[in-house]
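A.B. asks: Please see the structure below; I have some questions.
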Amino acid sequence: MILVSSRMGCLNETNRQVVKRFILFSVLLLTLPLFIFLYIQRGGGSFLLKYLGWRNSLQTSAFLAIVIVQIVLISYVILAENWVYTKCKWIIQVKRERKRENLIVFLSFVEKSMSTEMNTCQSILSFSNNNFVSVLLSSAKKPLKSQNILFGKRKWGTSTLKKKKNRQGQGFVPSVQRKDTNLTTFQPLTATVAPPKSSRHVASSVSNSVQHPMTLTEKILSKAANRPCVKPGENIWVNVDVLMTHDVCGPGTIGIFKREFGENAKVWDPEKVIIIPDHYIFTADQRANRNVDILREFAREQNIKYFYDIKDRQNFLNNPDYKGVCHIALAQEGHTRPGEVLFGTDSHTCNAGAFGMFATGIGNTDAGFILGTGKLLIKVPATMKFVFHGDMPDYLLAKDLILQIIGDISVSGATYRTLEFSGDIISQLSMEERQTLCNMAIEAGGKNAVIPCDQTTSEYLKGRTQRSYEVFQTDSSADLYSHREYITHQLEPVVAKPHSPDNRDLAKNCSDVKVDRVYIGSCTGGKTEDFIAAARIFKDRKVKIPTFLVPATRQVYDDIYRLSIGGQTLAQIFEQAGCIGPAPPSCAACLGGPKDTFARINEPLVCVSTTNRNFPGRMGSKDGQVYLASPYTAAATALTGYVTDPRQVYDFGTEHRSAYSLVDSA
């Protein structure tokens, strides 16, 4: 009984009650002979004993009876205790097995799929002669909580989406939730095993063969998965069109690839791998320099066609292949095409969604798997749609629009969802401004961002790519996670205060914040049109605080010296205004970097920046404070030394002017 009691902690409340009743009953049975003995001792039961013919003393008879009863009861208790203990073990085993219930279902599904599509799961990677799949399947034997990437949530019942109070924002129209959407209930997810290469084919017009309404992102993924349709929450294998990596994550990706596929393994397609050094380039840090050397060795070994190398760090102009920031270089070099799937080892890979493609950031492990297989297992994201109506004020830029959105939904408001931008305003934006919108989708937690391909997109791609591409559009009846609309002319210039991109406020409300420096650069705010906007504000004026300029790419650097406003090149305007730079194109201080990185914040300073993040330590010192802003707001701030609404220092027109309409010639 003591043994049984010690195991009660492993049982639930119902089973504990059963064991308690067993113990109580056993105690009563074991004490019953004692009561019989006491009864006989006092003279009771003599008639019964005489009738049975017992002539011994009553005490001897009672003792014999007690012994017999005790033997029977002890035997019973031993057998019963053994049964209870067995029951305990069974209950523990059941509880453990239930934790793996979903895993067993998944593996059974994989087994059935293997028997009908490929015989064995190893055939996925048979061309690589590796054990990567076996490692994947063996890892599935771990507890289910460590395998949640393969599963969705159980359908415990209907869960109503909680309505969050809309944050205060000028020009914001409350979101609309579709009544017929099926995303208000947690649906179980399914995983699909990638078919062998020999059985894959791409339909000539997937968009005409869809079985049910889908969003733009869902159509792209259904094409990449060779499926007629997909739904949000499904896990699918997709074929990858482009994989990009850079000097920060590239060495780690290469290491994982060689570890899993072998030292002499070859990438699945050397023409679909893009390697762009851009982060820690112009520094004396030996480890940073070694990263670029590793990329160079791998590119030579694998015969990578698109490796944008840099060897002479003293003068980047001596490196004809060097481009600069990967996300802008991808677009300028024609690697971003509508309807394709692009993965990159950088969270701002979503930048390429401006071209109507699925583009998202991944980790080194996923990238290593893609290098060897050309495939990746992903979950289909639900789509949040943002529509901008009205007229674009001349004092607003795309940076103001995306900061407005992030301020409304927060940095976690779009977690693992697609942000789709549309409306009259979006169709009027240039490709560079569209990239600014899509670039910061990750700051809202988004999986990716996308803007439908249109004439502006096609014109940009002319001369940059010779490959054909397929254009998709969201169906009008497609299910959406949410739908938000903005009246654009009611919006005002905004900033994101420290230390989060969703800490939004109007620029005019921060006019008392003294600023130590201004930084104009990065994939978000270092494009040609960003510098045209800054030059518009700087012309014939002087900055009052250090203002650092970092072009995103070599092409942007050249544009600064080529384009002019009012007879002066942008470079001349910046020089006369007292700006520092332009520096060699790179990510520079956006990611902090080594201490000798250009414009890095190495002390507690307040900086207004056109970059994308302002978390503590993002640009260097953890004690620094970063305000995110548009190029207009950043330039205006440089002229006053305080956070400044650009309308306070520049007389904007009544109609919006595009960047290239401001220059003398393009």
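The values are calculated or read from the model by the stated rules, or taken from the named source; none is laboratory data. Quick caveat: nothing in here was measured; it's all calculated off a predicted structure. Neighbour counts run over all protein chains shown; Cβ positions are idealised from the backbone, glycine included.
A.B. asks: Kindly indicate whether R536 is modelled with pLDDT of 95 or more, buried (at least 16 other Cβ atoms within 10 Å of the Cβ), out of contact with any helix residue (DSSP H, G or I) (no Cβ under 7 Å at 6 or more places or on another chain) and in the same structural domain as H656 (by TED's automatic domain parsing).
C.D. replies: Answer is yes for this residue.
A.B. asks: Just the residues that are in contact with a Cys (Cβ under 9 Å, 6 or more places away or on another chain) and in a strand (DSSP E or B), please, taken from the range 592-619.
C.D. replies: Selection gives I601, S609.
A.B. asks: Which residues, counting only those in the range 312-347, are at pLDDT 95 or above and of a type in the set (K, R)?
C.D. replies: K323, R337
A.B. asks: Whether any residue in the range 393-401 is among the small types (G, A, S), crowded, with 24+ Cβ neighbours inside 10 Å and under 25 Å from E529 (Cβ atoms) is what I want to check.
C.D. replies: Yes, some residue in the range 393-401 is among the small types (G, A, S), crowded, with 24+ Cβ neighbours inside 10 Å and under 25 Å from E529 (Cβ atoms).
A.B. asks: Just to check your reading of the model, which residue among G593, G567, G617 is out of contact with any helix residue (DSSP H, G or I) (no Cβ under 7 Å at 6 or more places or on another chain) and under 29 Å from S665 (Cβ atoms)?
C.D. replies: Exactly one of G593, G567, G617 is out of contact with any helix residue (DSSP H, G or I) (no Cβ under 7 Å at 6 or more places or on another chain) and under 29 Å from S665 (Cβ atoms), namely G567.
A.B. asks: Take the conditions closer than 16 Å to I274 by Cβ, at pLDDT 95 or above and surrounded by fewer than 21 Cβ atoms within 10 Å (Cβ to Cβ) and apply them to F355. Does it pass?
C.D. replies: no
A.B. asks: Hey, another quick one. Taking the range 282-305 as the search range and keeping residues that are touching a helix residue (DSSP H, G or I) at 6+ places or on another chain (Cβ under 7 Å) and within 28 Å of M619 (Cβ to Cβ), which one is surrounded by the fewest Cβ atoms within 10 Å (Cβ to Cβ)?
C.D. replies: I294
A.B. asks: Looking at (1) closer than 30 Å to N318 by Cα; (2) out of contact with any helix residue (DSSP H, G or I) (no Cβ under 7 Å at 6 or more places or on another chain), find the lone condition where H656 falls short.
C.D. replies: Unmet condition: (1).
A.B. asks: Pairs under 8 Å by beta carbon, first residue of a type in the set (A, V, I, L, M) in the range 643-666, partner surrounded by fewer than 19 Cβ atoms within 10 Å (Cβ to Cβ) and at pLDDT below 95, six or more apart or different chains?
C.D. replies: Every condition considered, the pairs that remain are A666/Y660.
A.B. asks: Could you grab me the full set of residues in the range 387-439 that are under 18 Å from V494 (Cα atoms) and of a type in the set (D, E)?
C.D. replies: D391, D394, D400, D408, E433
A.B. asks: Let me ask something additional. Restricting attention to the range 306-329, and to residues there that are touching a strand residue (DSSP E or B) at 6+ places or on another chain (Cβ under 8 Å) and in a loop (DSSP other than H, G, I, E, B), which single residue is surrounded by the most Cβ atoms within 10 Å (Cβ to Cβ)?
C.D. replies: Per the criteria, the residue is V325.
A.B. asks: Just to be sure before I move on: is V626 among the hydrophobic types (A, V, I, L, M, F, W, C), in contact (Cβ under 8 Å) with a residue 40 or more places away in the chain and surrounded by fewer than 24 Cβ atoms within 10 Å (Cβ to Cβ) in the structure I sent?
C.D. replies: Considered against the rule, which asks whether it is among the hydrophobic types (A, V, I, L, M, F, W, C), in contact (Cβ under 8 Å) with a residue 40 or more places away in the chain and surrounded by fewer than 24 Cβ atoms within 10 Å (Cβ to Cβ), V626 comes out as no.
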